2 protein chains.
Amino acid sequence: MGSLVRSATLRALRNGGPSFSGIAIRRSSLSVGAFSATMSPPSKAVVYEQQGPPDVVTRVIELPPVEVKENDVCVRMLAAPINPSDINRIEGVYPVKPETPAIGGYEGVGEVYSVGSAVKGLSPGDLVIPSPPSFGTWQTYIVKDQSVWYKINKDSPMEYAATITVNPLTALRMLEDFINLNSGDAIVQNGATSIVGQCVIQIAKDRGVHSVNIIRDRPGSGEAKEKLKKLGADEVFTESQLEVKNVKGFLANIPEPALGFNCVGGNAASLVLKFLRQGGTMVTYGGMSKKPITISTSSFIFKDLSLRGFWLQKWLREDKAKECRRMIDYLLDLAREGKLRYEMELVPFDSFRTALDKALGKQGSQPKQVIRF
Amino acid sequence: MGSLVRSATLRALRNGGPSFSGIAIRRSSLSVGAFSATMSPPSKAVVYEQQGPPDVVTRVIELPPVEVKENDVCVRMLAAPINPSDINRIEGVYPVKPETPAIGGYEGVGEVYSVGSAVKGLSPGDLVIPSPPSFGTWQTYIVKDQSVWYKINKDSPMEYAATITVNPLTALRMLEDFINLNSGDAIVQNGATSIVGQCVIQIAKDRGVHSVNIIRDRPGSGEAKEKLKKLGADEVFTESQLEVKNVKGFLANIPEPALGFNCVGGNAASLVLKFLRQGGTMVTYGGMSKKPITISTSSFIFKDLSLRGFWLQKWLREDKAKECRRMIDYLLDLAREGKLRYEMELVPFDSFRTALDKALGKQGSQPKQVIRF
């Protein structure tokens with residue numbers, strides 16, 4: 001790629017808008033030179049020009065200023081996490097493949113820096129998060145149409161605002177989308193130490209719903225149990241504890257779970273199924289073990305179990321934006337009240353490579369990496 | 001068991017009524033001697049005194065006459081099939097275990113022989129089938145409360161009337177209970193040569209719903225294909241034909257199936273899943289291969305598949321009797337019109353042991369065995 005083409009491409013990256021595509025790139029490269037308009041500051045961004053291993057294909061580069069058109073809002077990003085799905089997108093193993101070149105990141109929080117002449121309801125200094133579907137949050141300044149930005153409560157804790165749209169929203173939707181859970185009911189989940197798992201425990205707790213949690217056998221599982229119990233988990237078991245015929249004997253004062261969540265697969269999924277009550281539903285939203293789910297015929301016929309799947313993508317559509325915003329407010333309220341907590345590590349943007357390595361698991365189990373711009 | 005006790009027990013078998021139980025046995029053994037009332041003829045029945053291999057534990061015995069009380073109807077049985085679930089009940093491997101001693105059989109058809117003084121709407125000569133839940137159809141005369149008997153059209157073909165409540169009803173419910181199928185839609189199923197499978201093909205056809213059918217690889221599969229196509233199957237494949245990456249290439253003018261039925265498990269279940277469209281549902285109602293169902297994480301998350309189970313038992317309850325009767329009329333209409341056909345072998349009651357051996361698979365693949373009393 002020649003340097004002239006690249007410079008047009010990079011400018012295009014900043015003008016891509018929500019439908020960032022080859023067409024957008026061509027259009028914006030024609031408008032080069034409109035320097036009379038209000039311009040954004042230059043931006044520093046994590047870019048990948050092709051799919052591949054994230055530590056190989058990503059580069060931190062400077063992007064030139066772009067025009068802030070009358071309906072645009074320029075936001076100075078404050079923080080954005082590195083989620084597993086961000087990594088999958090860069091690797092190209094996600095069913096939704098961003099066109100390249102692309103800027104990484106799918107959620108985050110920022111502060112309004114400047115607004116176009118026709119923008120209403122947003123002013124410099126407002127705290128905003130990009131509405132799903134959004135992308136390209138790994139950069140210092142973003143210019144996008146005002147409709148993309150959602151103004152949130154200024155008291156929202158920044159690192160939670162930056163991470164509320166993917167994991168907590170997944171937990172909330174899974175608790176609401178499949179069966180009608182009432183106070184006093186119970187759910188069961190594996191991968192309970194994941195951020196979604198921790199959110200499930202806390203949102204369930206806030207609703208009077210008991211949680212039965214399954215974690216891996218590993219050094220430190222005793223501490224992990226205590227941590228989850230502090231968040232409100234009713235029961236926490238390691239997989240090996242559950243290698244008994246009747247797991248339900250473990251549930252003294254908790255009803256049999258009507259709903260189960262599986263983000264592991266293999267044996268850990270079978271353990272969730274074992275706990276479910278007659279007519280229960282297991283929702284799969286991840287497969288950390290890379291093993292499939294195996295289930296007996298009689299579980300379907302005589303136990304009447306249902307197996308479903310959850311993908312947040314279904315919610316990250318423009319027609320769901322209003323509903324999502326309401327849910328985000330609810331979740332940020334919980335976070336502000338201290339009822340929704342999970343461990344994160346804020347990392348200066350300058351240390352992006354270290355954060356990426358940690359997110360890629362190169363340094364063992366690490367807290368969620370959140371880039372601080 | 002002494003001979004006196006046995007004779008009381010056998011009398012009890014005939015008086016057990018719909019809630020046949022130890023209590024009923026005791027109650028009826030106290031009423032021995034009411035010979036002034038109208039009595040049924042003696043009955044010849046297939047009885048088992050304990051669960052076990054059907055060819056070992058069943059005996060054909062004579063049962064003494066019983067009283068036909070004012071609300072009772074005495075029915076001379078005409079025909080009753082030997083279903084796999086009947087065999088499972090005798091073996092004791094079915095989740096619903098009949099108390100023993102018990103008479104075999106769960107569906108059938110008969111003719112009213114005599115009625116109690118308070119019976120309305122049923123007269124000698126009427127064709128009736130016992131309403132689900134019923135049992136003990138493998139006998140020549142049955143005396144039960146009038147509420148149990150459902151009068152059907154006298155033109156109903158006897159062997160279809162005898163077999164309509166289990167297999168055709170399963171096919172009908174599975175086509176209606178899970179998703180809303182419209183004319184032009186498609187379903188996919190394995191075990192398509194089973195009676196349920198054949199009923200699915202024909203009921204679907206009658207509703208303009210396409211069927212994609214999967215059968216085992218075995219000698220004669222070519223003929224089996226032709227047979228199913230004559231019933232209305234759009235496509236029939238053997239499992240080995242489907243060991244390709246893209247099975248959907250096989251569907252030229254048929255939309256991707258929204259609903260799948262699995263009565264086999266193992267690889268045959270995976271083939272059903274392969275055919276299903278985004279958001280499709282697979283319903284498991286049997287496990288002939290005795291292998292579990294294995295499904296990938298991505299099928300749940302990205303393909304949004306749902307896995308469910310079907311058990312007819314849910315429909316065979318008193319509160320569903322009215323609805324079941326409506327469906328039975330509909331199915332018998334189809335049979336009378338020649339739109340619902342499947343192969344059966346009518347066997348004289350005297351040859352019960354041969355029929356049982358065939359139903360147990362001792363003589364290879366055989367048509368459904370229907371006892372003719």
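Observations
- Candidates A:Leu346, A:Leu251, A:Leu181: whichever shows maximal mean-square fluctuation once chain A is modelled as a Gaussian network with Cα springs under 10 Å: A:Leu251
- Nearest-20 debye value, the stretch A:167-314 charge dipole, Cβ charges on Lys, Arg, Asp, Glu: 240
- Legend: Rg and Dmax of the protein assembly as shown, from Cα coordinates, 33.0, 113 Å.
- Summarising the label geometry, the points placed 7 Å from Cα in the beta-carbon direction at A:Asn71 and B:Lys291 lie 5.5 nm from one another.
- Antiparallel content of DSSP bridges confined to the stretch A:123-281, in %, to 5: 20
- A:Lys97-A:Asn246 FRET efficiency (beta carbon distance; Förster radius 56 Å; 0.05 resolution): 0.75
- The loop-placed trypsin sites (Lys or Arg not before Pro) in the stretch B:45-122, going by DSSP, that have at most 15 neighbouring Cβ atoms within 10 Å of their Cβ come out as B:Lys120.
- Rounded to 5, percent antiparallel among DSSP beta bridges of chain B: 55
- Loss of accessible area when B meets A, both sides summed, Å² nearest 100, probe 1.4 Å: 2000
- Cubic angstrom per residue, convex hull over Cα atoms of the stretch A:167-314: 105
- Above-threshold pairs, the threshold being 30 Å between Cα atoms, out of A:Lys303/B:Lys248; B:Lys97/B:Lys320; A:Lys290/B:Lys290; A:Lys291/B:Lys362; A:Lys322/A:Lys362; A:Lys97/A:Lys320: A:Lys303/B:Lys248; A:Lys291/B:Lys362; A:Lys322/A:Lys362
- Dipole axis of chain B (+1 Lys, Arg; -1 Asp, Glu on Cβ), positive-most option in B:Val66, B:Met39, B:Thr281: B:Thr281
- Within the shell defined by Cβ-Cβ distances under 12 Å, the residues around B:Leu231 carry a net charge of +3, with Lys and Arg each +1 and Asp and Glu each -1.
- For B:Val166, neighbours were defined as the other residues whose beta-carbon sits under 13 Å from its Cβ, and their charges (Lys and Arg +1, Asp and Glu -1) total +1.
- Neighbour-limited loop hits for GluC sites (Glu not before Pro), the stretch B:165-253 (at most 14 other Cβ within 10 Å; DSSP other than H, G, I, E, B): B:Glu243
- Cα-centre dipole for the protein assembly as shown with unit charges at Cβ (Lys and Arg positive, Asp and Glu negative), debye to 20: 360
- Sparsely packed loop sites in the stretch B:228-326 (the trypsin sites (Lys or Arg not before Pro) outside DSSP H, G, I, E and B with at most 15 other Cβ atoms within 10 Å) comprise B:Lys245, B:Lys290, B:Arg317.
- Estimated from helical segments only, the mean residue ellipticity of chain A at 222 nm is -8500 deg cm²/dmol, where each DSSP H run of four or more residues counts as -39500 (n - 2.57).
- Across B:Lys205/B:Lys358; A:Lys205/A:Lys225; A:Lys227/A:Lys368, pairs whose alpha-carbon gap is larger than 19 Å: B:Lys205/B:Lys358
- Beta bridges per DSSP, both residues in the protein assembly as shown: antiparallel share near 55 percent.
- Fraction of accessible area attributable to carbon and sulfur, the stretch A:167-314 (%, probe 1.4 Å): 48
- Considering all different alpha carbon pairs of the stretch B:234-373, the Kirkwood hydrodynamic radius works out to 18.4 Å.
- Inter-label distance for B:Lys229 and A:Glu111, nm, one decimal - labels placed 7 Å from Cα along Cα-to-Cβ: 7.4
The values are calculated or read from the model by the stated rules, or taken from the named source; none is laboratory data. Quantities reported herein were computed from a predicted structural model and do not represent experimental measurements. Neighbour counts run over all protein chains shown; Cβ positions are idealised from the backbone, glycine included. Heavy atoms of the whole protein, side chains included, go into the accessibility calculation; ligands, DNA and RNA do not. Shrake-Rupley method; radii C 1.70, N 1.55, O 1.52, S 1.80 Å.
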